[in-house]
Amino acid sequence: MIDVSSLSIAIGKFELRDVSFNVPEGAYGMLMGQTGSGKTTLIEALIGLKKTRAHSRIVIAGRDVTRLPPAERNIGYVPQDGALFSTMTVRGHLAFALDVRRAPAAYIEQRVAELANQLRIEHLLERMPEGLSGGERQRVVLGRALSFHPRVLLLDEPLSALDEDTRNGMYEVLRQVRKSTGVTVLHVTHSFAEAEALADCRYVLKDGKIELQ
Amino acid sequence: MAPDLSFRDGCPVLQARHTGVSDRFFMVALSILGGSYVLLIVMLLAGDVAYLVSQSLGETLSRNPILTVLRKSEVRYSIFLSLFSCSMSAVLAMLVAVPMGYALSRLRWVGRRWIDAILDIPIILPPLVIGLSLLILFQFKPFTTPLGQWWPFPGSWHDMTLNRLVVYQVPAVILAQFAVAGAFAVRTMKAAFDQTNPRCEQVALALGCSRRQAFFKVTLPEVRKGMLTAVTLAWARALGEFGPLLIFAGATRHKTEVLSTTVFLELSIGNLEAAVSVSLIMVVAAMLVILLARNWGVREAGL
């Protein structure tokens, strides 16, 4: 489902060279590696935020997206810091990608209700991001990323800022999301506990190379 | 020399010394040094008010210096022109500041540092030099080319030049104010974009936005407070503009006279009362604008 071959990126002195890996359809892939090993850079390249060098090839759901702008890749993206829009309500977040895709209002309303129910954030719909708890924020970020039914979900250390209890709750949410949507996930982390709890397959990024474990 | 250490149970006793007095001294020094500047500002304004009050003591209300000055049609015109030109130059400043601030803050491009440095020039250049430079610039083509050469304007417009349309006219007032206010607005907008999370825009892209959509739907709303600050600052800078105006727009009553020019003109004929009155009108106008902006800013934040 996520097929990456010969991915090369150079940013200043930092370099990823000829990275190749594959996350099978419906799998929960866990990308691990030390701080500074290039995990976030790799995710950004998949999203389309970083320019890749020639010969790099990124195939998402059978479609070569290497040269496509981020908007056309249809990847659900959960960034490290959540990056909620401070001027939008939770409802606005869940509806955002659907608005951009010009979905009919009735459909958007139905989808927002569905997501809110699934992630148990119905009571937060009219709230602004400011003042949401860490767990609530992550649910909203997840809902925003899932709203347009992407077939691939990229999570960049989504749980690193959460306390132990909230994190355990989020494991459950992620498992349930995966079960109900069948989405293929690539989840970046440096926590073995997270990998233990969620992963089907683990990839380790080290010295600019990826090893499947 | 080794310090004398006392030991208890074999461990050196290193008691932190009493910090209370030093802490108190630090706080006092902080308030005195910082507060002296606030005091200066307040005293400046208080002095103006005290002067006017002392002049109008025992006079009837109709001879109140501020009312007197407001009765002059020149002053009423200059208030109107100030409001108009400051608003125009603030709008123009924002038109360049939003795209420029964004490009400087978010995009990496060749020559960015140079452009950044050039944008500081209006801030560090002596105001008179800016006015003089504007005046000199308008002596060159195409500013001196008759408009008829580009477009078949009818009648007297055929021989009109940009130079004659602008220099010593109202557009010169706006251009001179804009030349300086623009730089301040750009600086403010760059800082505003710097302070917001670039990740939000990237998420918007991933969610299906074009760059234009991401900018208008996500990035611009995130910096709305910065925009309010920038437009206020540009407006206030424009209101205080004087040197470039004097040279580039002149000080003709009922034509290019703005409030700062009025203060200068009244002062030059020895009418201190009127000069101080107009100054106070400017102070009040500037404070109103800042208060309005602050108030909006706070309400926007939902406080």
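The values are calculated or read from the model by the stated rules, or taken from the named source; none is laboratory data. Here the structure is a predicted model, which means the values were calculated and not measured. Cβ sites come from the backbone with ideal geometry, for glycine too, and all protein chains shown count toward neighbours. For the accessible areas, the whole protein counts, side chains as well, though only heavy atoms, and no ligand, DNA or RNA atoms are used. Shrake-Rupley method; radii C 1.70, N 1.55, O 1.52, S 1.80 Å.
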Report summary line: All alpha-carbon distances of chain A, grouped into 10 Å bins from 0, give the whole-percent distribution 8, 35, 36, 18, 3
Query raised in the report: What average number of partner chain Cβ atoms lie no more than 10 Å from the Cβ of the residues making up B:242-253?
Result: 0
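Taking every pair of distinct Cα atoms and averaging 1/r, then inverting, what Kirkwood hydrodynamic radius in Å comes out for the protein assembly as shown?
Evaluated on the protein assembly as shown, it is 28.4 Å.
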Report summary line: Restricting to Cα pairs under 8 Å and 6 or more apart, the percent relative contact order of the range A:50-196 works out to 28
Report summary line: Under a Gaussian network model of chain A whose springs join Cα atoms within less than 10 Å, the largest fluctuation of A:195, A:145, A:54 belongs to A:54
Query raised in the report: Across peptide B:38-48, how many C-beta atoms of other chains are within 10 Å of each residue C-beta, on average?
Result: 0
Query raised in the report: Comparing B:13, B:186, B:231, which has the greatest mean-square fluctuation in the GNM of chain B with Cα pairs linked when under 10 Å apart?
Result: B:13
**Report entry** Given charges at Cβ of Lys, Arg, Asp, Glu: chain B dipole, positive-most of B:88, B:271, B:7
**Finding:** B:88
Query - Cut-off 14 Å between beta-carbons: net charge of the residues surrounding residue B:279, Lys and Arg +1, Asp and Glu -1 - result: -3
Query raised in the report: When chain B is treated as a GNM, springs tying every alpha-carbon pair under 10 Å, which of B:46, B:172, B:192 comes out with the largest mean-square fluctuation?
Result: B:46
Report summary line: Counting only protein heavy atoms and leaving out ligands, DNA and RNA, the solvent-accessible surface of residue B:109 at a 1.4 Å probe, in Å² to the nearest 10, equals 80
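Given a cut-off of under 8 Å on Cα pairs at least six residues apart, what relative contact order in percent is computed for chain B?
Value for chain B: 25 percent.
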Query raised in the report: So, by mean Cβ neighbours within 10 angstrom, what's the order for A:24-35, B:69-80, A:39-50 with the highest one leading?
Result: A:39-50, A:24-35, B:69-80
**Report entry** Local net charge near residue B:215, Cβ-Cβ under 15 Å (Lys/Arg +1, Asp/Glu -1)
**Finding:** +4
Query raised in the report: So who's got an amide H within less than 5 Å of the one on residue A:27, skipping anything under 5 residues away but keeping other chains? H placed 1.01 Å off N, in plane.
Result: A:185
Report task. Give the Rg (one decimal place) followed by the Dmax (whole number) of the range B:65-301, computed from C-alpha coordinates and expressed in Å. Result -> 20.6, 66
**Report entry** Cut-off 13 Å between beta-carbons: net charge of the residues surrounding residue B:182, Lys and Arg +1, Asp and Glu -1
**Finding:** +1
Query raised in the report: Any idea what the dipole of the range A:1-112 comes to, in debye rounded to 20, about its Cα centre with Lys/Arg Cβ at +1 and Asp/Glu Cβ at -1?
Result: 240
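Once whole DSSP H runs in chain A are found, which of them have Cα atoms spread over 15 Å or more along the helix axis and a mean Kyte-Doolittle score of at least 0.5?
Membrane-span-like by this rule: A:90-100.
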Report task. Answer with one residue from A:191, B:30, A:108: the one whose Cα lies farthest towards the positive end of the charge dipole of the protein assembly as shown, charges on Cβ with Lys, Arg +1 and Asp, Glu -1. Result -> A:108
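Report, in deg cm²/dmol and to the nearest 500, the calculated mean residue ellipticity at 222 nm for chain B, where each DSSP H run with n ≥ 4 adds -39500 (n - 2.57) and the sum is divided by the residue count.
-22000 deg cm²/dmol
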Report summary line: the range B:1-151 -> Rg/Rh from Cα coords, Kirkwood Rh, value 1.25
Query raised in the report: Could you give the dipole magnitude of the protein assembly as shown about its Cα centre, charging the beta-carbon of Lys and Arg +1 and that of Asp and Glu -1, in debye to the nearest 20?
Result: 1200
Query raised in the report: Tell me, what HN-Hα J-couplings in whole Hz come from the Karplus equation 6.51 cos²θ - 1.76 cosθ + 1.60 at θ = phi - 60° for each residue of the range A:69-84, using x for Gly and Pro?
Result: x, x, 4, 8, 8, 6, 10, x, 10, 10, x, 3, 9, x, 6, 5
Report summary line: Averaged over residues of B:212-218, the number of beta carbons from other chains lying within 10 Å of each residue's Cβ is 3
Query raised in the report: Regarding the range B:18-58, what are the three Cα extents along the principal axes, ordered largest first, in Å?
Result: 59, 16, 5
Report summary line: With +1 at each Lys and Arg Cβ and -1 at each Asp and Glu Cβ, the charge dipole magnitude of the range B:65-301 around its Cα centre, to the nearest 20 debye, comes out at 700
Query - Span-like helix ranges in chain B, DSSP H, alpha carbon extent 30 angstrom or more, Kyte mean at least -1.0 - result: B:20-56, B:73-106, B:170-195, B:272-300
